[in-house]
Amino acid sequence: MTLSHTRVHGRRSLSHAISLYLSCAILLSAAGCKSERVGTMSARDCPSGAAAECASAHTPPRRPEHCATLLACIDRLHAIARERTADEMAGMGPAEDALSRRMRAMPDAQDALVPLLSHPDDEVAKLASYILRDIKTIDARHLPAIEAGLDRGLGWLPPALARIGTDEAARSAVARFLISDTSPGNQEAYALEMFGERALPHIVAAARCTSGCRTDRDHWNLAEVLKRLGPTAAPAVPGLLSIVDDDTTPDAIAAGAVDMIAAIGAAAGDAQTTLRSIAERRPALAPNVDAALIAIRSSEAGRLLGEQLRRAPDTRTIADTARLGHAARDAAPALIALLSSEDLVLRRHAAQALGYLGDPAAAEALIAVLQDPSDVNANWAAARSLGGLNAEVAREALDTAARTHWHPEVRAAAKAALVTIGQAPRIYSLGPDRFEFFHSLQDSRLDCRKPDIVRARKPQPGRLQGKGDHKRLSRLKYRTTIVSYGPPEEAEPNVNGVITMTEDTMVRHETAFEMTPEVALRVNAGWLAGGSRGEWGGELMWLGDDGQRTRLLDENVSDIVRLGRRIVVVVGLAHLGSNEGMLYAIAPHDADGRLQARAWRALPAAPMESAITRDGRLLVVTSGGGAVLIGPDGRMEMAPCRQGKR
């Protein structure tokens, strides 16, 4: 994985820069771009026209003007270039796009544009390259001039190599892709995608590293291109296998070639037998081969995924298992075992994945998850999976859930599952991608910011929270640490203002400081204190009167309350793609004399607000999961919402 730190240039305000960064990031993501330099609006960052749209978002659009002749269009190009020179943050906008469309329709446009690639005015050269890159076919005689323009650093120009389309141009495109600091999410990558199968011989040749690979990321970058090419990349498999099968090939290069085969996916399925024999002969390659056998959907994929899930389960492996659908059926026993995990997130995702594998043996275990009152999210996942398995044995449990479950999304999932039971079972040749798999029951329609519930008038004794208690909370400061990962402090950005990081160059940063808790509750001879710093983490601390400081949880703590005879801690975070919430119960001291926090009830989403009600229940308003009431016995129900206050 590559991350980047970007320096936003220009004379705009910081708030404007941040707003622009976020807007462009959303736009580029929607367009399938992998930008590393949103802040600087580089053409190299995005393989489509989205970068131009993003780059123009911060400036008023120049008015498109029609030019009737090629000479008039060249004059128009120079005029736009002058306007761009006056605006240091100018991007490609409507005027540039209109000129590009007009000139691309002119038969002799390329002959007029190519000389401008060497124009002394950078803006003229940039605009010429922007238009030239999208001309359908470029004469091969222009290759030297285009190469010179690329050497000059004209970021829009790499796709012009694919417009030439010759073997020499393809070789150049691969070489330039490998030396680019912004690969694989850049214009060079887009050029290779445009070449398609014609680029494969040169990609395979580069994978051999005959003259030495430039960095250890070369194979990873090349694999990303093959992944985007998909089935089109299948003809590269024999050449890559020949690299791996050659015992004189160093292990690092052979492993990189195996990873490239894996990136091709199911289209490389015929490589299974050869890969297995290579792994037996070259044990150092076994981990790469196992990953490749999973990626190409081999007959061993389910067994290998099952072994991974038993050895070191994580949500990513669970999602990959679901993605393979029935091809991963051999992993079902490992997923069923995870339904008993104390890790509720693993448990929920295991329940969700089982619906795609088609193993009826999972039905009984899923019924137990559906009926478990501790985790509404797992209830929802189990209902969906029982429908996916067409599990007749689950009809009664699903009918009960459809009628009586406290959360509307679980009721809806159970009703939908009942409809599918009795129909022909669905065979999942391909399960959901990761984005779809991590979909949850949360829905903005459930939001209820103003529940119609009467809250307790008096605060709980010994509980501190908010500005009114800030002075007392400040006396409970504790030492904590923020952990982050990034480049070394001494790292300098490249000429484009980017610091590129890999797993090898990323370092752990720790910043220790004194934290004032946001909430605290007096308990016996000390305090339970909680902090929340959003994406920077949080914790639940025991602060003993004797000076003992013990971290009980590494979670974002939003509240600590007495609920009947229990002490309940409300935790969770909604940030980017994560939206999790949980209630922990504080258990008596363990054998070492320490308090323990144990997961008690999962919330349908992250908590936004919480309070004790007049009748002694806990109200938690969640982000997308509705407003929830929890009784002292753990019974949960949706809180009524004031009309018009959602």
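The values are calculated or read from the model by the stated rules, or taken from the named source; none is laboratory data. A quick note: this is a predicted structure, and the numbers were derived from the prediction, not measured. Glycine gets a Cβ as well: all are built from the backbone with ideal geometry, and neighbour counts include every protein chain shown. These accessible areas exclude ligands, DNA and RNA; they are computed on the full protein's heavy atoms, side chains included. Shrake-Rupley method; radii C 1.70, N 1.55, O 1.52, S 1.80 Å.
Here are a few things to note about the model shown:
- When the residues of region 500-559 are filtered to those that are part of a strand (DSSP E or B), in contact (Cβ under 8 Å) with a residue 40 or more places away in the chain and polar (S, T, N, Q), the one that is nearest to D469 (Cα to Cα) is S558.
- Only one entry in A337, A271 is of a type in the set (A, V, I, L, M, F, W, C), out of contact with any Cys (no Cβ under 8 Å at 6 or more places or on another chain) and surrounded by 23 or more Cβ atoms within 10 Å (Cβ to Cβ), namely A271.
- Members of region 171-228 that are part of a helix (DSSP H, G or I) and in contact (Cβ under 8 Å) with a residue 60 or more places away in the chain: Q187, E188, A189, Y190, E193
- On the stretch given as region 224-261, residues that are surrounded by 23 or more Cβ atoms within 10 Å (Cβ to Cβ), under 18 Å from P287 (Cβ atoms) and within 25 Å of the chain's Cα centre (by Cα) total 4.
- Within region 216-242, being over 20 Å from A191 (Cβ atoms) and among the hydroxyl-bearing types (S, T, Y) holds for one residue alone: S242.
- Search result, residues across region 385-400 that are part of a helix (DSSP H, G or I), crowded, with 19+ Cβ neighbours inside 10 Å and either without any contact (Cβ under 8 Å) to a residue 40 or more places away in the chain or among the acidic types (D, E) (or both): S385, L386, G387, A394, A397, L398
- Within region 511-537, being open to solvent by less than 50 Å² (accessible area, probe 1.4 Å), within 29 Å of the chain's Cα centre (by Cα) and either closer than 26 Å to T613 by Cα or of a type in the set (F, W, Y) (or both) holds for G530, G531, S532.
- Contact annotation: residue pairs with Cβ atoms under 7 Å, 6 or more positions apart or on different chains, pairing a residue in region 102-129 that is in contact (Cβ under 8 Å) with a residue 12 or more places away in the chain with a partner that is of a type in the set (D, E) and surrounded by fewer than 14 Cβ atoms within 10 Å (Cβ to Cβ), are Q110/D139.
- Residue in region 102-112 that is touching a Ser or Thr at 6+ places or on another chain (Cβ under 7 Å) and closer than 26 Å to D75 by Cβ present: no
- Considering each residue of region 426-441 in turn, none proves to be open to solvent by less than 80 Å² (accessible area, probe 1.4 Å), at pLDDT 85 or above and not in a loop (DSSP other than H, G, I, E, B).
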